[in-house]
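Rule-based calculations on the coordinates, nothing more; no lab input. No experiment lies behind these values; they were computed from the predicted model shown. All Cβ positions, even for glycine, are placed from backbone atoms using ideal geometry, and neighbour counts span all protein chains on display.
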Amino acid sequence: MPEPIVRLENVFKIFGSQPRGRALELAKAGVVKNDVQAATGHVVGMSDVSFDVYPGEIFVIMGLSGSGKSTAIRTVNKLHEITDGKVWFEDIDVQSLSGTDLQDFRREKMAMVFQHFALFPHRSVIDNAGYGLKVKGIDKVERDKRSMVALDLVGLGAFAQSHPHELSGGMQQRVGLARALAADTPVMLMDEAFSALDPLIRRQMQDEMMEIQKELEKTILFITHDLNEALRIGDRVCIMKDGAVVQIGTPEEILTQPATGYVAEFVQDVDQGRVIEVHEVMVDPEPLSASTNLKEAMLQLGDRAGAFIIDGDGKPTHMLTAADAVRAMVNNIGFAECCRVDFETTSATATLNTVYASSGRGMPIAVIDDDGRLIGNLDPRHIMQEMGRVENLIDGFEREVFM
Ligand SMILES: Nc1ncnc2c1ncn2[C@@H]1O[C@H](COP(=O)(O)OP(=O)(O)OP(=O)(O)O)[C@@H](O)[C@H]1O
Ligand SMILES: [Mg+2]
């Protein structure tokens with residue numbers, strides 16, 4: 001195991017007029033947040049929080065509103081004074097920093113992205129992206145060069161000279177990400193950075209961030225209240241409740257070995273995409289015969305999104321989609337000409353989240369066995385339905401706890 005880059009040791013954060021008084025004493029004795037508040041009128045922001053973040057990992061802090069996520073991330077660059085404990089950045093005792101040392105530390109070691117990233121309306125996208133560099137005193141030429149690299153990374157190279165009002169919300173958030181990337185700090189702190197985006201854009205941003213992270217080997221401390229997001233992007237996930245850490249583990253550990261009833265309840269039904277396997281959703285392949293005509297093939301398709309044609313060994317060779325068949329019918333094209341050879345395949349034991357992206361193209365996916373033989377037909381609508389069911393569950397869940 002490498003040395004952690006960020007380490008919190010038994011950190012307490014009490015909000016109130018006398019943070020180091022009785023409230024801290026009670027919190028240290030293990031009294032829970034609500035009881036401390038009832039007894040002292042002080043709010044426990046963090047209670048005995050310890051975790052290590054290792055270089056190059058995406059460490060996600062996940063929890064409901066008020067669980068202490070933002071407070072925790074803010075201790076890392078000393079936006080908050082802590083009440084007790086230690087915060088380390090490598091061998092720097094973060095709490096001991098002040099004045100220009102603290103400013104330099106914040107600038108050089110970490111960049112931050114928030115939920116609603118404020119851009120300067122009168123500055124171009126490239127100037128917005130390079131703002132952190134400007135503050136560092138880096139000249140315009142170098143600034144633009146590095147900003148451009150960052151904008152390219154987030155897919156906004158072509159918009160360098162645009163102004164924020166010309167961009168969609170998702171694009172603006174990307175500029176925020178580019179600004180953090182351009183600053184070229186070893187650590188990125190991201191507090192609900194994608195939470196305001198709609199689900200598809202959000203997923204795209206998650207994917208891009210994971211790509212970028214792989215390429216640049218950044219350490220990312222990412223906060224979300226969305227368990228699905230946490231499990232999707234986190235190398236490790238830290239679940240918080242009432243200011244305390246409930247569990248730290250890999251997504252698999254959280255899902256399969258929830259530490260407490262609270263976590264178990266959280267994960268129950270929530271992330272089916274990871275645990276539902278393809279064979280649970282696929283249907284019998286009912287392949288089309290190769291020697292048929294278009295009309296006959298359409299009858300065989302029925303209401304399926306598409307079907308496959310197999311060879312003598314039972315291996316899929318072609319796919320006919322319902323959309324292609326209709327188009328061919330209209331344009332008087334023959335059966336053989338409207339079949340495709342570019343189809344996706346997967347295995348019966350793959351999990352649904354691995355095929356979610358390709359289901360977006362609306363084409364069926366061929367489920368094959370180890371020998372390449374067709375054993376199932378995976379309809380994109382069924383994947384969407386299954387994943388949609390999951391999202392509804394999460395939505396319902398969030399409504400339940402937030403309202
Ligand atoms: N400046 C403050 N003064 C008083 N209490 C605060 C302050 N900041 C946070 N708190 C309290 O500390 C607790 C943790 O807040 P925090 O903002 O860290 O939660 P969070 O997990 O980030 O929630 P959210 O998902 O809503 O952003 C909450 O009970 C909150 O009311
Ligand atoms: Mg917060």
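Here are some notes:
- R0 of 51 Å, Cβ-Cβ distance S50-K295: FRET efficiency to nearest 0.05: 0.15
- Charge tally in the Cβ shell below 11 Å around T224, where Lys, Arg are +1 and Asp, Glu are -1, T224 excluded: -1
- For segment 1-104, the Kirkwood hydrodynamic radius comes to 14.4 Å, computed from all pairs of different C-alpha atoms.
- Between the residues N77, V32, H318, the greatest Cα displacement towards the positive end of the dipole of the chain, with unit charges on the Cβ of Lys, Arg, Asp and Glu, is found for N77.
- Spatial separation of Cα centroids for segment 150-185 and segment 232-267, in angstrom: 32 Å
- Residues E108 and D371, FRET efficiency given R0 of 41 Å [Cβ-Cβ distance, rounded to 0.05]: 0.15
- If you wrap the tightest convex hull around every Cα atom of the chain and split its volume per residue, you get 183 Å³.
- Extension gain from E277 to M1, taking 0.36 nm per residue of separation minus the Cα-Cα distance: 96.1 nm
- Percentage relative contact order, the chain, counting C-alpha pairs under 8 Å, at least six apart: 15 percent
- By average C-beta atoms within 10 angstrom, highest first, the peptides 337-343, 127-133: 127-133, 337-343
- The alpha carbon radius of gyration of segment 197-352, expressed as a multiple of 2.2 N^0.38 Å, is 1.48.
- Length gained on full extension, E337 to D311, computed as 0.36 nm times the residue gap minus the Cα-Cα distance: 7.7 nm.
- Extension gain for A196-E211 works out to 3.3 nm (0.36 nm per residue, less the C-alpha to C-alpha distance).
- Relative contact order (%) - segment 90-190, alpha-carbon pairs under 8 angstrom, separation at least six: 43 percent
- Projected label points at E286 and D303, each 7 Å from Cα along the beta carbon direction, are separated by 1.1 nanometres.
- Seen from all directions on average, segment 51-134 presents a Cα convex hull projection of 7.4 nm².
- Mean separation of Cα pairs under 8 Å and 6 or more residues apart, divided by the residue count, gives segment 278-386 a relative contact order of 31 percent.
- Checked against a 18 Å cut-off, the cross-linked pairs K13/K109; K28/K241; K69/K241 give Cα-Cα distances beyond that limit for K13/K109.
- Among 52-65, 181-194, sorting by the average number of other beta carbon atoms lying within 10 angstrom of each residue, highest first, gives 181-194, 52-65.
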